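Trainee: The structure's right below; bear with me while I get my questions together.
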Amino acid sequence: MKKRLSFISSAILVGAIAGNIKAQAPTFQIIHNCADAAAANVKIWANGGVLVNNLAFRFATATGTVAAGTYTIGVSAPSATTQAASLAQFTVNFATGVDYKIVANGIVSPTGYNPSSMMAPFTLSTFTSNAAAPSSSITQVLVNHGSTDAPVVDVVAPFTGTNPVFPNILVNNAAYTNFAGWLNLTTANYKLQVRDQFSENVVQEYSAPLTTLGLGGQRISVIASGFLNTTNNSNSPNSFGLWVATATGGSLIPLPTTTTTSTRLQAIHNCADAAATSVDVWFRSATTGTAAVLLLDNFAFRTASPFIDVPTAQVVTLSIAPPTSTSVASALANFTYNLAPSSKYQLIASGILSPLGYSPSSTAAPFSLIANANVRERALVNSNTDVLIFHGATDAPAVNIVSPPSTTLASALTYSTYNSIGYNALPTANYTINVNSGSVTVASYQAPLAALSLTGQAITVLASGFLTPASNSNGPAFGLFAAAATGGSLIPLPSIVITAIGNKTELQNKLSVYPNPFSERVTISNQSELNLTIEVSDITGKLIKSVQSNESSISMDLNELTTGVYFITVNNGADKATFKVVK
């Protein structure tokens, strides 16, 4: 049964400015969004008189007028007989020509809710603006975050922006009690997604049928209402949702939840064939229409796209075409997918297109888009960098990727595969990475996660290029490259070319020296956590420089040295290691 809502208009002027309400009088609407059971119904007072009687949760008054002036607004139980019995009182200054949206949010009860009434006290959240109405083809939407236990969120209308695959963020970083300014939306039937504050993960999707509801030319408020975790909030029946208040008031209109219609995808170009130095990527689906959309124009080798929105539960076609293409008619290859909203995807272009000039050939290592449905856009722990590893070098053998002295990041990694354990959750620091064939280190690289400011990020490290360029049309040489979730050029991991002198020691396993060759400075990465004596000598054995340090990264200025070969000897008192470096 619909709860009664009575509007006591005569009380508006009680204790207020006398006289007639003029044409430009302030307008206001009060929306009850306090989900606490103790405030299921409330009475609203103004300067001692009853303004609204028996206003129920998720009800709104009709938009009304009030004489300009300062009012003390009280909110009480329906049975209260005076404003002095209010649960809370607030001062509102109503100004001529201004429209006021007043939303009751928060918690009244001292116990039973999380966050509590201390952390999220009952309040009247107020938004002011001019009172101009939109044109008949526009719906103006005001969004208020009124869910006490919901985090900071974005509101996204998927596939509606200028480029349909980039998120159309309507509301950015909305925190509890915040309003977003009036949104001018062309009146249509929309999907609205509540996403995390990064617009990366969908919390829930809703239908917003503005046309069906006849909301053209109107102003509406969309309220995030109720609890995400009802169990922690007195087992409340008021679960989280988006609700609409129209200017005419009455029961708020719930926006229906829908199946999530989008997921996220990143493309990485790692095909080292000269025929694919740069490509165009076209995109087609039922959501984006029959005509293909140019997704990536002149997409270069060793670059990555940012994560984009792609439709789910329908066929999606990605077409790879030559650069400067004008349509998908010239596509070199087409790939179709049917993506799930519960997954997040990465597609890596790898392999060989050309019929000649490469070993292995395009028959043995054909061009393909290699998909991973379990990627992420940021680290699960903010202090970490989550690292995924992919073998994309067609002529490289199976390898192990090891961070000295003994942390295995990937084992038996073969061409076109990801490391089997998925992401390595690494505390953000500067590392050395060895590429091992069996027990032999064939190459070493710096992985300066801290220096690159990758804290909290998820990245993909790719083995890229050719071990033997001469057998592959003199193509790009082998290396390790990192792709960030934000896209852009892949980040080369600097190689470390070091010749260790003498028998391999335990200390040597905990050290790396780079760059080599060097021009001005040499850095010793010290994972031993011990105090070291570091001596630099020339080829005759003459001591040139000596320092002591226990820092994890020890930088030495060797700019004054002439071109030649030098030896760096590191001693911890019980063990030593010697390295040959070249300037």
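Trainee: Residues of the range 376-418 with the amide nitrogen closer than 16 Å to a label point 7 Å from the Cα of residue 198, along Cα-to-Cβ, please.
Mentor: Correct set: 376-388.
Trainee: Roughly how far apart, in whole Å, are the Cα centres of the range 529-583 and the range 305-339?
Mentor: Between the Cα centres of the range 529-583 and the range 305-339 lies a distance of 53 Å.
Trainee: Here is a further query. From the square roots a ≥ b ≥ c of the eigenvalues of the alpha-carbon gyration tensor of the range 388-521, which class results: rounded (a/c under 1.5), prolate (a/b over b/c), or oblate?
Mentor: On the way: a/c = 1.27, a/b = 1.08, b/c = 1.18.
Judged from the Cα gyration tensor, the range 388-521 comes out rounded (a/c under 1.5).
Trainee: Which value, in Å², gives the accessible area per residue of the chain when a 1.4 Å probe is used on the protein heavy atoms? Write down the numbers at each step before the final one.
Mentor: Numbers: 24780 Å² over 583 residues.
I get 43 Å² per residue for the chain.
Trainee: Here's another thing I want to ask about it. If the chain between residue 563 and residue 451 were fully stretched, how many nm would it gain, using 0.36 nm times the residue separation less the Cα-Cα distance? Could you put the intermediate results ahead of the total?
Mentor: On the way: separation 112, 0.36 × 112 = 40.32 nm, distance 2.81 nm.
Extending this stretch completely gives an extra 37.5 nm.
Trainee: Toward the positive end of the charge dipole of the chain, about the Cα centre and with charges on Cβ (Lys, Arg +1; Asp, Glu -1), which of 238, 480, 97 goes farthest?
Mentor: The residue sitting farthest along the positive end of the dipole is 97.
Trainee: Could you go through the range 72-87 in sequence order and give the Karplus-derived ³J(HN,Hα) for each residue, using 6.51 cos²θ - 1.76 cosθ + 1.60 with θ = phi - 60°, rounded to whole Hz, and x for Gly and Pro?
Mentor: Per residue, the Karplus-derived 3J(HN,Hα) values read 9, 9, x, 10, 10, 5, x, 7, 4, 10, 9, 5, 4, 8, 5, 5 Hz.
Trainee: With a ≥ b ≥ c the root eigenvalues of the C-alpha gyration tensor of the range 409-464, is it rounded (a/c under 1.5), prolate (a/b larger than b/c) or oblate?
Mentor: oblate
Trainee: Summarise the accessible area of the chain (1.4 Å probe, protein heavy atoms) by the percent that is carbon and sulfur. The partial results should precede the final answer.
Mentor: Details: 13390 of 24780 Å².
Answer for the chain: carbon and sulfur cover 54 percent of the accessible area.
Trainee: Can I ask one more? What are the ³J(HN,Hα) couplings of the range 543-560, residue after residue, when phi is run through the Karplus curve with 6.51, -1.76, 1.60 and θ = phi - 60°? Round to Hz, x for glycine and proline.
Mentor: 6, 9, 8, 9, 9, 10, 6, 10, 5, 6, 9, 10, 9, 10, 7, 10, 4, 6
Trainee: Please grab the % of Cα pairs in the range 461-583 that end up more than 24 Å from each other.
Mentor: Working: 2945 of 7503 pairs.
Considering the range 461-583, 39 percent of its Cα-Cα pairs are separated by more than 24 Å.
Trainee: Along the Cα→Cβ direction, 7 angstrom out, place labels at residue 468 and residue 489. What is the inter-label distance in nm?
Mentor: In this crude spin-label approximation the distance works out to 3.0 nm.
Trainee: Something else about it: Once the Cβ-Cβ distance between residue 324 and residue 93 is put in as r, and R0 is 56 Å, what FRET efficiency do you end up with, to the nearest 0.05? Intermediate results must be reported in sequence, preceding the final value.
Mentor: Working: r = 61 Å, r/R0 = 1.08.
Once rounded, the FRET efficiency stands at 0.40.
Trainee: Label the range 111-183 by shape, choosing from rounded, prolate and oblate, from the square roots a ≥ b ≥ c of the eigenvalues of the Cα gyration tensor; if a/c is under 1.5 it is rounded, and otherwise prolate applies when a/b is larger than b/c, oblate when it is not. Present the calculation step by step, with values, prior to reporting the outcome.
Mentor: Numbers: a/c = 3.81, a/b = 1.53, b/c = 2.50.
Verdict is oblate for the range 111-183.
Trainee: Right, here's the next one. From the alpha carbon gyration tensor of the range 125-249, can you work out the equivalent ellipsoid semi-axes (sqrt of 5 times each eigenvalue) and give them in Å, largest to smallest? Mind showing how you got there, number by number?
Mentor: Details: eigenvalues 111, 66, 36 Å².
One finds semi-axes of 24, 18, 13 Å for the range 125-249.
Trainee: Can you tell me which of 100-108, 338-346 comes out highest on packing, and rank the rest after it, using the mean Cβ neighbours within 10 Å?
Mentor: Working: 100-108: 23.8, 338-346: 16.8.
Listed from highest to lowest mean packing, they are 100-108, 338-346.
Trainee: Let me check I've understood the local charge: for residue 363, count other residues with C-beta under 15 angstrom from its C-beta, Lys and Arg +1, Asp and Glu -1. What total comes out? Please report the intermediate quantities before stating the final value.
Mentor: Numbers: positive: none; negative: 273, 395.
Neighbourhood net charge equals -2.
Trainee: Would you compute, from DSSP H runs of 4+ residues alone, the mean residue ellipticity of the chain at 222 nm, taking -39500 (n - 2.57) per run and dividing by the full residue count, rounded to the nearest 500?
Mentor: Details: 1 runs with 4 residues, N = 583.
That comes out to 0 deg cm²/dmol.
Trainee: With +1 on each Lys and Arg Cβ and -1 on each Asp and Glu Cβ, and nothing else charged, work out how big the dipole of the chain is about its Cα centre, in Debye to the nearest 20. Please report the intermediate quantities before stating the final value.
Mentor: Numbers: 24 positive and 23 negative charges, 271 e Å.
My answer is approximately 1300 debye.
Trainee: Also, quick follow-up: State the answer as a single residue: which of 257, 267, 299 lies farthest towards the positive end of the charge dipole of the range 250-344, with beta carbon charges of +1 for Lys and Arg and -1 for Asp and Glu, about the Cα centre.
Mentor: 257
Trainee: Follow-up question, since we're still on this one. How large is the charge dipole for the range 469-583, taken about the Cα centre, if only the Cβ atoms of Lys, Arg (+1) and Asp, Glu (-1) carry charge, to the nearest 20 debye?
Mentor: Working: 8 positive and 9 negative charges, 51 e Å.
The calculated dipole for the range 469-583 is roughly 240 debye.
Trainee: May I ask for the distance between the Cα centers of the range 382-447 and the range 115-158, given as a whole number of Å?
Mentor: 47
Trainee: If you don't mind, another one. Between residue 160 and residue 421, what's the calculated FRET efficiency when r is the beta-carbon distance and R0 is 30 Å? Round to 0.05. All intermediate terms of the calculation are to be shown ahead of the outcome.
Mentor: Values: r = 39 Å, r/R0 = 1.29.
Taking R0 as 30 Å, the efficiency between residue 160 and residue 421 is 0.20.
Trainee: Name the residue from 184, 315, 172 whose Cα lies farthest towards the positive end of the charge dipole of the chain, charges +1 on Cβ of Lys and Arg and -1 on Cβ of Asp and Glu.
Mentor: Final value for the positive-end residue is 184.
Trainee: Quick one: what does P(r) look like for the chain with 10 Å bins over all Cα pairs, in whole %?
Mentor: Once binned at 10 Å, the Cα pair distances of the chain give 3, 14, 19, 17, 14, 13, 10, 7, 3, 0, 0.
Trainee: Given an 8 Å cut-off on Cα distances and at least 6 residues of separation, report the relative contact order of the range 398-552 as a percent. List each step's numbers first, then the result.
Mentor: On the way: 248 pairs, mean separation 20.3, N = 155.
With pairs under 8 Å counted, the relative contact order is 13 percent.
The values are calculated or read from the model by the stated rules, or taken from the named source; none is laboratory data. Every value quoted in this text rests on a predicted model; they were computed, and no experiment measured them. Backbone-built Cβ (ideal geometry, glycine too); neighbour counts: all protein chains shown. The accessibility values were calculated without ligands, DNA or RNA, using every heavy atom of the protein model including side chains. Shrake-Rupley method; radii C 1.70, N 1.55, O 1.52, S 1.80 Å.
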